[in-house]
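This report concerns only the one structure given below.
The values are calculated or read from the model by the stated rules, or taken from the named source; none is laboratory data. Remember, predicted model here, so these are calculated numbers, not experimental data. Note: ideal-geometry Cβ built from the backbone for every residue, glycine included; neighbour counts use all protein chains shown.
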């Protein structure tokens, strides 16, 4: 189980951040609902560059990332011994919101915890 943001960040094998505006956000989402991870930024998209998310309570469940209420990822299930999903640093980004929309996550069951690295992309 992830016990701290520092611990989560240390699990990324090779970080290649260039310091040009990348930001971190904590993932802390309760089961059975939608939670805002990064607030909307007027005139900018939120691009996810890296992610580590872990299902809590030793049980896998589905979750989905959204631009406001529109899905921008497929439904995901954290599997394996640690029930986690890792998306290594990708300068092109793994997904992004529509301009001016918040980055949200919807969790079906069992809480989700972790960390993501993102940047704001001005239109």
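Are there any pairs, at least 6 apart or on different chains, whose C-beta atoms fall under 6 Å, with the first in segment 97-114 and on the phi > 0 side of the Ramachandran plot and touching a residue at least 40 places away in the same chain (Cβ under 8 Å) and the second in a strand (DSSP E or B) and surrounded by 17 or more Cβ atoms within 10 Å (Cβ to Cβ), and if so, which?
That search, which allows pairs on different chains as well, returns 110/55; 114/27; 114/52; 114/53; 114/54.
For segment 85-107, indicate whether the set of residues that are at pLDDT below 85 and either part of a strand (DSSP E or B) or in contact with a helix residue (DSSP H, G or I) (Cβ under 7 Å, 6 or more places away or on another chain) (or both) is non-empty.
Within segment 85-107 (the criterion being at pLDDT below 85 and either part of a strand (DSSP E or B) or in contact with a helix residue (DSSP H, G or I) (Cβ under 7 Å, 6 or more places away or on another chain) (or both)), the answer is no, since none of the residues qualifies.
Kindly indicate whether any position in segment 52-72 is buried (at least 19 other Cβ atoms within 10 Å of the Cβ), under 14 Å from the mean Cα position of the chain (by Cα) and assigned to a loop (DSSP other than H, G, I, E, B). Before the answer, list the steps.
Filtering segment 52-72 for residues buried (at least 19 other Cβ atoms within 10 Å of the Cβ) gives 52-56, 61, 63, 65-67, 72.
Still in the list and also under 14 Å from the mean Cα position of the chain (by Cα): 52-55, 63, 65-67, 72.
Next, only the ones that are assigned to a loop (DSSP other than H, G, I, E, B) stay: 72.
Within segment 52-72, one or more residues are buried (at least 19 other Cβ atoms within 10 Å of the Cβ), under 14 Å from the mean Cα position of the chain (by Cα) and assigned to a loop (DSSP other than H, G, I, E, B).
With respect to the numbered conditions (1) at pLDDT 90 or above; (2) loosely packed, with under 13 Cβ neighbours inside 10 Å, which one is the sole condition not fulfilled by residue 44?
Tallying (1) at pLDDT 90 or above; (2) loosely packed, with under 13 Cβ neighbours inside 10 Å, residue 44 fails exactly one: (2).
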